[in-house]
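Enquirer: This structure is in structure tokens; I'll ask about it shortly.
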Amino acid sequence: MNHETNLTAGHYVVELYRKLHMIPEKAFQEYETAKLVAAEMVRLGLEVKTGIAGTGVIGTLTTAKPGPVIALRADMDALCFVRNKKEEMIHACGHDAHSAMVLGAAKILVADPPECGSVLFLFQPSEERQDGSRQVIATGELDFVDEMVGIHVRPADELPAGQATPALLHGAVQIIKAEIRGENAHGARPHLGVNALEASVLAVNAVNMLHFDPKVYHSLKVTRLLVEGDTYNLIPDKAELHIDVRAQTNTLMHDMTEKISRAISRSAAALEAETIIETVDFTPAAEYNEGLVQTAAGAIRHVMGSSRPPLLTPGAEDFHFYATYLKMKTAYIGLGAGVTPGLHHPDFKLEQDQLIKGSMILATIVKERLKN
Ligand SMILES: [Zn+2]
Ligand SMILES: [Zn+2]
């Protein structure tokens, strides 16, 4: 990459960021965003496919020599806020920045292509709802991808502007939903029924007494308890319990889910209530490929002078379904871009001149991985 290319790409990334920032759209309704990124990639001379899982777009840069396929992934959706009783879409998670950075990497790589293999530029719909990546996976368009790299801008207090990590360690999340079934009875004859509310309370206490390895970040919170009926002199026969579970590793998430489910069913059974337990909204934790993370760290050092160690973040990312389902090697860059007041804040702001660094890091990783 020469200085000239970087300078042109720098202006390009900021200009695109500003354009994308003006068209924030809902999950799976990223029509204008998709149109813009597709048009840009056509202009760059890439082969472009639109309509991937609805609004997704994939651009491909193929070299003359066979080699691995590496994908750079951006997300496209914005967030909905209610201000003055009106719904307003805002790019408050930086997905416009991610799309601009991946387009910037495409521009750099078109000017200075890798030696072999091919590069996919993936613009994924609906990250915030955690269902976009699975729908993209279902199209089969990524079946032949060997490696994938994602990137996310970080708040200033998490990672100072001008610094980057090659491995943002997202945790796993899952909601455990338990339906507790008892038996109705008159309030004066509780011994003839099975109180679903009492069984729920017992289950909540049991769950809160479970302990897991304190060295691995985790949390469990009862977030909802619904008891059916509006009659207060009746023994309730049905309740629903929701537990939000977070774990830094997939192994711990598995262990927590099993023990929580058992604690609920056994404590309910102690009062003769029955339980139906299901898990919903699972998103896996980050499981990166060490070699790819090393390459990413090298690219960060090349662009920024130094690289930060892997960074733990409690949030979830639907990016990790790519590794789970398609068994590809992944890495995920955290880029310090001076985000204030924070992610998912309606007044979200970032330092635009940091974005070119993201593009350069992504392009450098591709060049390094696709060497003859
Ligand atoms: Zn977000
Ligand atoms: Zn995000």
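Enquirer: Taking the Cβ of residue 239 as the centre, find all other residues whose Cβ is under 13 Å away and add up their charges (Lys, Arg: +1; Asp, Glu: -1).
Expert: Charge balance near residue 239 sits at -3.
Enquirer: For the pair residue 344/residue 226, report the inter-label distance in nm, with labels modelled 7 Å from Cα in the Cβ direction.
Expert: 2.1 nm
Enquirer: Given an 8 Å cut-off on Cα distances and at least 6 residues of separation, report the relative contact order of the chain as a percent.
Expert: On the way: 869 pairs, mean separation 89.3, N = 372.
The value is 24 percent.
Enquirer: Quick one: putting +1 on the C-beta of Lys and Arg, -1 on the C-beta of Asp and Glu, what dipole do you get for the chain around its Cα centre, in Debye to the nearest 20?
Expert: In total the dipole reaches around 600 debye.
Enquirer: Considering just Cα atoms, how many Å³ per residue does the convex hull of the chain enclose? Walk me through the numbers before you get to the answer.
Expert: Details: hull volume 54.0 nm³, N = 372.
Spelled out: Cα convex hull of the chain, divided by residues, is 145 Å³.
Enquirer: For region 172-283, calculate the relative contact order in percent as a whole number, restricting contacts to Cα pairs under 8 Å that are 6 or more residues apart. Before the final figure, lay out the partial values.
Expert: Numbers: 241 pairs, mean separation 51.4, N = 112.
Relative CO of region 172-283 lands at 46 percent.
Enquirer: Further question: Ranked highest first by average number of other Cβ atoms within 10 Å, how do 107-117, 184-194 line up?
Expert: Highest-to-lowest ranking by the protection proxy: 107-117, 184-194.
Enquirer: Of the listed pairs 215/327; 259/327; 86/107; 215/329, which have alpha-carbon separations greater than 30 Å here?
Expert: Working: 215/327 27 Å; 259/327 28 Å; 86/107 38 Å; 215/329 26 Å.
Pairs exceeding the cut-off: 86/107.
Enquirer: Helix-derived [θ] at 222 nm for the chain: sum -39500 (n - 2.57) over DSSP H runs of at least 4, divide by residue count, nearest 500?
Expert: -11000 deg cm²/dmol
Enquirer: Something else about it: Quick query: amide H of residue 117 versus all other amide H atoms, modeled in the peptide plane; which residues come in under 5 Å with a sequence gap of 5 or more or a different chain?
Expert: Placed amide hydrogens put 63, 65, 67 under 5 Å from residue 117.
Enquirer: Calculate the dipole size of region 172-283 relative to its Cα centre from +1 charges on Lys and Arg beta carbons and -1 charges on Asp and Glu beta carbons; express the result in debye to the nearest 20.
Expert: Rounded to the nearest 20 debye, it is 320 debye.
Enquirer: On a full-extension model of 0.36 nm per residue, what is the gain between residue 276 and residue 86, subtracting their alpha-carbon distance, rounded to one decimal in nm?
Expert: Computed gain between residue 276 and residue 86 is 64.5 nm.
Enquirer: Out of 203, 219, 153, whose Cα points farthest toward the positive end of the dipole of the chain (charges: +1 Lys, Arg; -1 Asp, Glu; placed on Cβ)?
Expert: Towards the positive end, the residue furthest out is 153.
Enquirer: Leaving out ligands, DNA and RNA, and with a 1.4 Å probe, what % of the accessible surface on region 120-196 is carbon or sulfur?
Expert: After summing per-atom areas, the C and S share lands at 47 percent.
Enquirer: Restricting things to alpha carbons, tell me how big region 96-201 is in terms of Rg and Dmax, in Å.
Expert: For region 96-201, the Cα-based Rg and Dmax read 25.0, 81 Å.
Enquirer: Within the chain, which whole H helices from DSSP have a Cα span along their axis of at least 20 Å and a mean Kyte-Doolittle hydropathy of -0.5 or more, if any?
Expert: Both cut-offs are met by 95-111, 250-270, 290-304, 355-369.
Enquirer: Over region 172-283, give the accessible area per residue in Å² for a 1.4 Å probe, as an integer.
Expert: Heavy-atom SASA per residue in region 172-283 reads 57 Å².
Enquirer: Alpha carbon centre of region 239-266 versus region 300-339: separation in Å?
Expert: Each part reduced to its Cα centre gives a spacing of 26 Å.
Enquirer: Separate question: How far apart, in nm, are the 7 Å Cα→Cβ label points at residue 312 and residue 31?
Expert: Modelled inter-label distance: 4.5 nm.
Enquirer: Antiparallel versus total DSSP beta bridges in the chain: what percent is that, nearest 5?
Expert: 65 percent
The values are calculated or read from the model by the stated rules, or taken from the named source; none is laboratory data. Given the structure is predicted, the values throughout are model-derived calculations rather than measurements. Using ideal geometry, Cβ is built from the backbone for each residue, glycine included, and neighbour counts are taken over all protein chains shown. Surface accessibility is based on the protein's heavy atoms, side chains included, excluding ligands, DNA and RNA. Shrake-Rupley method; radii C 1.70, N 1.55, O 1.52, S 1.80 Å.
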